[in-house]
Amino acid sequence: MLGKKCPMPGDSFIIEPLNPAKHRRDEFDCGVAVLNDFLHTRARKEMEAGTSACFVIVPETDPRVIAGYYTLSAATIERTVLPESMTKKLPLYTELPASLLGRLARDLRFKGQKIGDRLMVSMMQRAVKTAKEVASWAIVTDPKDQQARKLYEGFGFQPLNAERLFLPMKQAAAWINAQ
């Protein structure tokens with residue numbers, strides 16, 4: 001969905017890679033200091049270093065304003081933490097490739113506009129698409145709080161351990177195809 005409209009009804013938004021020269025990062029406020037700070041000061045640096053990719057959702061009417069963002073990067077899942085029923089048909093690797101949803105946040109000014117849902121749909125579409133080119137067995141995330149956990153679980157994520165949730169890529173693809 002690189003630079004394309006997010007396929008959800010309602011207001012028109014565009015989801016695209018963060019462009020520090022275009023997007024006004026300093027105005028973003030989701031109410032969580034660590035998520036604000038990441039976008040304000042670290043997102044560009046991590047993108048340049050190749051450690052994460054940051055995608056922003058912006059209103060079509062003012063594409064400089066960031067309504068929300070998410071980051072993706074590579075990760076692994078240790079095979080031993082997965083239920084045996086999930087690993088029976090997998091190769092006997094000790095670690096499985098995964099895509100890490102590192103951060104996801106919505107600006108307080110856009111509350112009630114389903115920005116989180118739009119970001120989740122975009123993230124899952126992007127992860128499924130790229131997993132066809134660079135293998136990734138699942139999407140993993142570490143929810144910051146119960147509200148984030150509830151959002152992720154609503155999209156089918158399940159506990160991997162006390163801190164981490166995961167969604168097998170096949171389930172993410174099935175979810176997208178069902179929409």
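Of note:
- In plain terms, the residue of R25, R64, R42 with the fewest other Cβ atoms within 10 Å comes first and the most crowded comes last, giving R64, R42, R25.
- Helix-only CD estimate at 222 nm, as mean residue ellipticity for the chain, using -39500 (n - 2.57) per DSSP H run (n ≥ 4): -8000 deg cm²/dmol
- Comparing mean-square fluctuations of L108, L72, L167 from a GNM of the chain with C-alpha springs under 10 Å, the top value falls on L108.
- Compared with the alpha-carbon gap, the fully stretched path from K170 to R109 is longer by 18.5 nm at 0.36 nm per residue.
- Residue-wise HN-Hα coupling along region 161-177, computed from phi with Karplus coefficients 6.51, -1.76, 1.60 (Hz; x: Gly, Pro): 8, 4, 9, 10, 10, 9, 9, x, 4, 4, 6, 5, 5, 5, 4, 5, 5
- Cα-only Debye scattering, region 34-81: base-10 log of I(q)/I(0) at q = 0.19, 0.31, 0.32 Å⁻¹: -0.70, -1.14, -1.17
- Taking every alpha-carbon pair within region 90-169, the share separated by more than 21 Å comes to 30 percent.
- Scattering curve values for the chain, log₁₀ I(q)/I(0), Debye with Cα scatterers, q = 0.10 Å⁻¹: -0.38
- Zone residues, region 132-170, relative to T80, backbone N less than 16 Å from point 7 Å out along Cα-to-Cβ: 161-162
- For region 77-120: span of alpha carbons on each principal axis (Å, largest first): 47, 17, 13
- Fewest-first ranking of W175, W137, using other Cβ atoms within 10 Å as the exposure measure: W175, W137
- Selected from P17, P63, P91 as most flexible by GNM, with the chain as the system and alpha-carbon contacts under 10 Å: P91
- Against the main long axis of the alpha-carbon atoms of the chain, helix 115-131 sits at an angle near 50°.
Computed from the coordinates by the stated procedures, all read-outs in this text should not be read as laboratory data. Since we're looking at a predicted model, the values are computed, not measured. Using ideal geometry, Cβ is built from the backbone for each residue, glycine included, and neighbour counts are taken over all protein chains shown.
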